[in-house]
Structure formats: C-alpha cells, structure tokens
Amino acid sequence: SSGINAEYGVDVWKDAAIKIFSHHPRKDSKRHPCQESLLLIDKECEELMQQFIVRVSGENDSGVARGIIGLVNPIETWGNRLMAVTKGEDLLSDAEWAKLLSNLQE
C-alpha cells in the first residue's frame, strides 16, 4: 500500500539523517538544532501516518473504507434485484418498492 511505502521512505530518510548527525557531534554534547527539528518532524509524521491509517482502514469503525463498503453493498444488492426484475426473473412486493424508495431518499 502507498501508506506503507511512504512510511518506509520517511523511516529511511530519518535514519540516514540521524546517522549523519551522530557522525558529527557538537562540542557541547547537545543535539544539533536541525536534529531537534528532525525528531520533532518525525514524531509529527508518525502521528499523522497513524491518523491516516485509522481514517482509511476504519480501525475505529469510522474509516472511509468502511463507509464506502457500507454504501456500496446496498447499492449492489438493489442493483442486482432491479436487474432481475427487468429481466422478468424476480418480482418486488409493494413493501420492497417502498423500502427501495425510502433507501433512495436517505
């Protein structure tokens, strides 16, 4: 998935930068300001990646994928039923027509 590739790319970049900083320590033994910024950006990227994964995968039952599946399944079901009706293979009762109308109005 592209999310995993992006996360891998960020980790490779971050690890390379940290190695560079470790090869060039400061005399006062404090972290270089750019290293501090890198670590802050890394933490923010990690949090954003987790939010992205939750939003897309629906880990918490509110993901985009779960919502789309919830919309597509009834559409497919009614589509198949209506195709069968148009071919004369199935009939819908008045109650089923009313249910279809109700679903379309939602």
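Which one, Ser29, Ser37, Ser57, has the greatest fluctuation when you compute a Gaussian network model over the chain with C-alpha springs under 10 angstrom?
It is Ser29.
Give me a comma-separated list of calculated 3J(HN,Hα) values for the range 15-32, in order, Karplus coefficients 6.51, -1.76, 1.60 applied at θ = phi - 60°, integers in Hz, x for any Gly or Pro.
Each residue's phi maps through the Karplus curve to give 4, 5, 5, 5, 4, 4, 4, 5, 7, 10, x, 7, 5, 8, 6, 8, 6, 5 Hz.
Convert 25 °C to kelvin, take the viscosity as 0.890 mPa s, use the Kirkwood radius over C-alpha pairs of the chain as Rh, and evaluate the Stokes-Einstein diffusion coefficient in µm²/s, rounded to a whole number. Walk me through the intermediate numbers first.
Numbers: Rh = 18.7 Å.
The estimated diffusion coefficient comes to 132 µm²/s.
How much accessible area per residue does the range 63-106 have, in Å², with a 1.4 Å probe?
80 Å²
Using Cα positions and a limit of under 28 Å, work out the lysines in reach of Lys87, with same-chain residues fewer than 8 apart set aside.
Output for Lys87: Lys99.
Around Asp90, which amide H atoms from residues at least 5 apart in sequence, or from another chain, sit under 5 Å from its own amide H, with H modelled in the peptide plane?
Residues meeting the amide H criterion: Val85.
Can you give the angle from 0 to 90° between the axis of helix 33-57 and the longest principal axis of the chain, with both taken from C-alpha atoms, to the nearest 10?
Computed tilt is about 10 degrees.
So for His24, His32, what's the accessible-area order with a 1.4 Å probe, most first?
Numbers: His24 130, His32 75 Å².
My answer, sorted largest first, is His24, His32.
Leaving out same-chain residues fewer than 8 places away, which lysines sit with a Cα under 23 Å from that of Lys30?
Candidates past the 8-residue exclusion: Lys14, Lys19, Lys43.
For the chain, modelled as a Gaussian network with Cα springs under 10 Å, which listed residue fluctuates most, Leu91, Leu38, Leu71?
Fluctuation is largest for Leu91.
Given the DSSP H assignment, sum -39500 (n - 2.57) over each helix run of at least 4 residues in the chain and divide by its residue total; what's the result at 222 nm in deg cm²/dmol, nearest 500?
Calculated from helices alone, the mean residue ellipticity at 222 nm is -26500 deg cm²/dmol.
The values are calculated or read from the model by the stated rules, or taken from the named source; none is laboratory data. Worth saying up front: this structure is predicted, and the values here are computed from it rather than measured. Surface accessibility is based on the protein's heavy atoms, side chains included, excluding ligands, DNA and RNA. Shrake-Rupley method; radii C 1.70, N 1.55, O 1.52, S 1.80 Å.
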